[in-house]
1. With (1) part of a strand (DSSP E or B); (2) open to solvent by less than 20 Å² (accessible area, probe 1.4 Å); (3) in contact with a Ser or Thr (Cβ under 6 Å, 6 or more places away or on another chain) as the list, and Val123 as the residue in question, which single condition is left unmet?
2. In contact with a Leu (Cβ under 8 Å, 6 or more places away or on another chain) and either more than 30 Å from Lys47 (Cβ to Cβ) or of a type in the set (Phe, Trp, Tyr) (or both): which single residue out of Lys94, Lys192 fits that description?
3. Just one of (1) touching a Lys or Arg at 6+ places or on another chain (Cβ under 8 Å); (2) assigned to a loop (DSSP other than H, G, I, E, B); (3) open to solvent by less than 40 Å² (accessible area, probe 1.4 Å) trips up Thr71, so point out which.
4. Considering only segment 18-28, state which residues are touching a residue at least 24 places away in the same chain (Cβ under 8 Å) and either under 15 Å from Lys47 (Cα atoms) or among the hydroxyl-bearing types (Ser, Thr, Tyr) (or both).
5. With respect to Leu170, is the statement that it is in a loop (DSSP other than H, G, I, E, B) and at pLDDT 95 or above true?
6. Which one of these is open to solvent by less than 60 Å² (accessible area, probe 1.4 Å), under 23 Å from Ala163 (Cβ atoms) and not in a loop (DSSP other than H, G, I, E, B): Ala57, Ala89, Ala102?
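The values are calculated or read from the model by the stated rules, or taken from the named source; none is laboratory data. Since the structure is predicted, the reported quantities are computational estimates derived from the model, not experimental observations. Every residue, glycine among them, receives a Cβ derived from its backbone with ideal geometry; neighbour counts consider all protein chains shown. To get the accessible areas, we keep the full protein, side chains included, count just its heavy atoms, and leave off ligands, DNA and RNA. Shrake-Rupley method; radii C 1.70, N 1.55, O 1.52, S 1.80 Å.
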Amino acid sequence: WTYDATAKTISDGVWVLNVTEKSGELTVTGVNAATAVGTDMTLDLAKPVEGDKTIVALNGQIVPNYSTCLTAVKVPETLRSIGAQVFMANSGLKTVTPFMPASLASVGQQTFWLCTALEGDLVLGVKGGPELSFGLYAFNSAKMITSITIDADVKNGTVPSDAFSSCTSLTNVVLRGNVTTLASGAFASCSKLTDFYVA
(Lines give C-alpha, C1' and ligand atoms only; values in the text may rest on other atoms or scores of the structure.)
Protein backbone atom coordinates (compact mmCIF):
# COMPACT_ATOMS: atom_id res chain seq x y z
CA TRP A 1 0.00 0.00 0.00
CA THR A 2 1.13 3.54 -0.78
CA TYR A 3 0.53 5.96 2.08
CA ASP A 4 -0.30 9.61 1.33
CA ALA A 5 0.02 11.59 4.55
CA THR A 6 -1.36 14.76 2.96
CA ALA A 7 -4.48 13.18 1.48
CA LYS A 8 -4.76 10.80 4.45
CA THR A 9 -5.24 7.79 2.18
CA ILE A 10 -3.66 4.47 1.36
CA SER A 11 -3.85 3.03 -2.15
CA ASP A 12 -2.91 -0.24 -3.85
CA GLY A 13 -3.80 0.79 -7.39
CA VAL A 14 -7.36 -0.54 -7.11
CA TRP A 15 -8.58 0.55 -3.70
CA VAL A 16 -8.16 4.00 -2.19
CA LEU A 17 -9.02 4.06 1.51
CA ASN A 18 -9.30 6.99 3.88
CA VAL A 19 -7.17 6.61 7.01
CA THR A 20 -6.09 8.35 10.16
CA GLU A 21 -2.59 7.84 11.53
CA LYS A 22 -1.14 7.92 15.02
CA SER A 23 2.40 6.88 15.87
CA GLY A 24 2.64 4.71 12.76
CA GLU A 25 -0.68 2.96 13.35
CA LEU A 26 -3.46 3.37 10.80
CA THR A 27 -7.22 3.29 11.20
CA VAL A 28 -9.19 2.82 7.99
CA THR A 29 -12.16 5.19 8.12
CA GLY A 30 -13.85 4.22 4.86
CA VAL A 31 -13.47 3.89 1.12
CA ASN A 32 -12.40 6.96 -0.84
CA ALA A 33 -14.47 8.20 -3.79
CA ALA A 34 -11.46 7.57 -6.04
CA THR A 35 -12.06 3.81 -5.79
CA ALA A 36 -13.73 2.40 -8.91
CA VAL A 37 -16.03 -0.19 -7.36
CA GLY A 38 -16.36 -3.19 -9.67
CA THR A 39 -17.38 -6.82 -9.27
CA ASP A 40 -15.76 -9.78 -7.48
CA MET A 41 -13.36 -7.46 -5.68
CA THR A 42 -10.76 -8.60 -3.15
CA LEU A 43 -9.49 -6.22 -0.49
CA ASP A 44 -6.03 -7.23 0.72
CA LEU A 45 -5.31 -5.25 3.87
CA ALA A 46 -2.57 -7.73 4.82
CA LYS A 47 -0.20 -6.25 2.23
CA PRO A 48 2.53 -4.04 3.74
CA VAL A 49 1.97 -0.30 4.02
CA GLU A 50 4.98 1.80 3.06
CA GLY A 51 6.86 3.49 5.86
CA ASP A 52 6.41 0.53 8.21
CA LYS A 53 2.88 1.66 9.03
CA THR A 54 0.46 -0.93 10.41
CA ILE A 55 -3.32 -1.19 10.06
CA VAL A 56 -4.84 -1.69 13.51
CA ALA A 57 -8.52 -0.74 13.06
CA LEU A 58 -11.36 -0.59 10.54
CA ASN A 59 -13.97 2.00 11.49
CA GLY A 60 -15.77 3.05 8.33
CA GLN A 61 -17.89 1.20 5.81
CA ILE A 62 -15.73 -0.31 3.10
CA VAL A 63 -18.52 -0.59 0.53
CA PRO A 64 -22.18 0.46 0.78
CA ASN A 65 -24.78 -1.68 2.53
CA TYR A 66 -26.40 -4.36 0.37
CA SER A 67 -23.47 -4.31 -2.04
CA THR A 68 -22.39 -7.54 -3.75
CA CYS A 69 -19.09 -6.31 -5.23
CA LEU A 70 -16.76 -7.28 -2.36
CA THR A 71 -16.17 -11.04 -2.23
CA ALA A 72 -12.98 -11.48 -0.18
CA VAL A 73 -11.07 -9.60 2.50
CA LYS A 74 -7.59 -10.32 3.85
CA VAL A 75 -6.88 -8.65 7.18
CA PRO A 76 -3.53 -8.06 8.88
CA GLU A 77 -2.40 -9.92 11.99
CA THR A 78 -2.04 -6.48 13.61
CA LEU A 79 -5.79 -5.77 13.45
CA ARG A 80 -7.25 -4.97 16.87
CA SER A 81 -10.69 -3.55 16.10
CA ILE A 82 -13.46 -3.77 13.51
CA GLY A 83 -16.07 -1.11 14.11
CA ALA A 84 -19.84 -1.13 13.85
CA GLN A 85 -21.37 -1.89 10.44
CA VAL A 86 -18.03 -2.00 8.59
CA PHE A 87 -19.15 -4.92 6.39
CA MET A 88 -22.88 -4.86 7.18
CA ALA A 89 -25.19 -6.39 4.56
CA ASN A 90 -22.41 -7.14 2.09
CA SER A 91 -24.09 -10.20 0.68
CA GLY A 92 -21.27 -10.97 -1.76
CA LEU A 93 -18.61 -11.28 0.94
CA LYS A 94 -17.57 -14.94 1.17
CA THR A 95 -14.23 -15.02 2.99
CA VAL A 96 -12.30 -13.07 5.59
CA THR A 97 -8.72 -14.33 6.02
CA PRO A 98 -7.77 -14.99 8.74
CA PHE A 99 -11.21 -15.41 10.26
CA MET A 100 -10.27 -13.68 12.72
CA PRO A 101 -6.70 -12.61 13.69
CA ALA A 102 -5.56 -13.45 17.22
CA SER A 103 -4.88 -9.75 17.85
CA LEU A 104 -8.56 -8.81 17.47
CA ALA A 105 -10.08 -7.32 20.64
CA SER A 106 -13.26 -5.65 19.41
CA VAL A 107 -16.03 -6.35 16.89
CA GLY A 108 -18.75 -3.70 16.72
CA GLN A 109 -22.51 -3.94 16.41
CA GLN A 110 -23.83 -5.35 13.13
CA THR A 111 -20.28 -5.63 11.74
CA PHE A 112 -21.07 -8.73 9.65
CA TRP A 113 -24.87 -8.62 9.94
CA LEU A 114 -26.55 -9.96 6.80
CA CYS A 115 -23.28 -11.09 5.24
CA THR A 116 -25.25 -14.06 4.04
CA ALA A 117 -22.46 -15.64 1.95
CA LEU A 118 -19.74 -15.35 4.64
CA GLU A 119 -18.37 -18.83 5.19
CA GLY A 120 -15.82 -20.70 7.25
CA ASP A 121 -14.87 -21.61 10.80
CA LEU A 122 -14.89 -18.50 12.97
CA VAL A 123 -12.22 -18.29 15.71
CA LEU A 124 -12.32 -15.34 18.10
CA GLY A 125 -9.28 -14.60 20.23
CA VAL A 126 -6.69 -16.77 21.88
CA LYS A 127 -6.39 -17.98 25.46
CA GLY A 128 -4.36 -15.42 27.39
CA GLY A 129 -4.75 -12.86 24.60
CA PRO A 130 -6.69 -9.58 24.57
CA GLU A 131 -10.13 -9.51 26.21
CA LEU A 132 -12.76 -9.59 23.47
CA SER A 133 -15.77 -7.35 23.17
CA PHE A 134 -18.35 -7.60 20.44
CA GLY A 135 -21.65 -5.95 19.77
CA LEU A 136 -25.27 -6.88 19.20
CA TYR A 137 -25.95 -8.62 15.88
CA ALA A 138 -22.20 -8.78 15.16
CA PHE A 139 -22.50 -11.94 13.02
CA ASN A 140 -26.29 -12.18 12.77
CA SER A 141 -27.48 -13.95 9.60
CA ALA A 142 -23.98 -14.94 8.48
CA LYS A 143 -25.69 -18.01 7.15
CA MET A 144 -22.66 -19.98 5.90
CA ILE A 145 -20.52 -19.97 9.06
CA THR A 146 -20.19 -23.61 10.11
CA SER A 147 -18.39 -23.40 13.47
CA ILE A 148 -17.57 -20.80 16.12
CA THR A 149 -14.76 -21.03 18.67
CA ILE A 150 -14.29 -18.32 21.29
CA ASP A 151 -10.93 -18.82 22.99
CA ALA A 152 -10.59 -15.31 24.44
CA ASP A 153 -12.08 -13.99 27.64
CA VAL A 154 -15.18 -11.99 26.72
CA LYS A 155 -16.09 -8.60 28.15
CA ASN A 156 -18.44 -9.06 31.12
CA GLY A 157 -18.41 -12.80 30.39
CA THR A 158 -21.38 -12.30 28.09
CA VAL A 159 -22.14 -13.25 24.48
CA PRO A 160 -24.38 -10.34 23.39
CA SER A 161 -27.97 -10.55 22.21
CA ASP A 162 -28.41 -11.93 18.71
CA ALA A 163 -24.64 -11.94 18.14
CA PHE A 164 -24.85 -15.20 16.17
CA SER A 165 -28.57 -15.58 15.58
CA SER A 166 -29.76 -16.98 12.26
CA CYS A 167 -26.38 -18.53 11.42
CA THR A 168 -28.29 -21.35 9.81
CA SER A 169 -25.28 -23.48 8.78
CA LEU A 170 -23.73 -23.39 12.25
CA THR A 171 -23.28 -26.87 13.70
CA ASN A 172 -20.57 -26.49 16.34
CA VAL A 173 -19.80 -23.94 19.10
CA VAL A 174 -16.82 -24.07 21.49
CA LEU A 175 -16.50 -21.54 24.34
CA ARG A 176 -13.14 -21.78 26.10
CA GLY A 177 -12.94 -18.33 27.68
CA ASN A 178 -14.77 -16.87 30.66
CA VAL A 179 -18.28 -16.92 29.13
CA THR A 180 -20.91 -17.21 31.85
CA THR A 181 -23.94 -15.66 30.14
CA LEU A 182 -25.63 -16.00 26.78
CA ALA A 183 -27.78 -12.92 26.28
CA SER A 184 -31.22 -13.22 24.75
CA GLY A 185 -31.16 -14.77 21.28
CA ALA A 186 -27.36 -15.10 21.15
CA PHE A 187 -27.70 -18.29 19.09
CA ALA A 188 -31.39 -18.04 18.17
CA SER A 189 -32.56 -19.69 14.95
CA CYS A 190 -29.31 -21.62 14.49
CA SER A 191 -31.32 -24.54 13.28
CA LYS A 192 -28.39 -26.94 12.62
CA LEU A 193 -26.54 -26.33 15.89
CA THR A 194 -26.04 -29.73 17.51
CA ASP A 195 -22.71 -29.50 19.36
CA PHE A 196 -22.24 -26.85 22.08
CA TYR A 197 -19.14 -27.17 24.25
CA VAL A 198 -18.19 -24.96 27.24
CA ALA A 199 -14.67 -25.49 28.62
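1. Unmet condition: (2).
2. Testing whether each residue is in contact with a Leu (Cβ under 8 Å, 6 or more places away or on another chain) and either more than 30 Å from Lys47 (Cβ to Cβ) or of a type in the set (Phe, Trp, Tyr) (or both) leaves just Lys192.
3. Only one criterion is unmet by Thr71, namely (2).
4. Those that are touching a residue at least 24 places away in the same chain (Cβ under 8 Å) and either under 15 Å from Lys47 (Cα atoms) or among the hydroxyl-bearing types (Ser, Thr, Tyr) (or both): Glu25, Leu26, Thr27, Val28.
5. Criteria met by Leu170.
6. Criteria check complete, one pass: Ala57.
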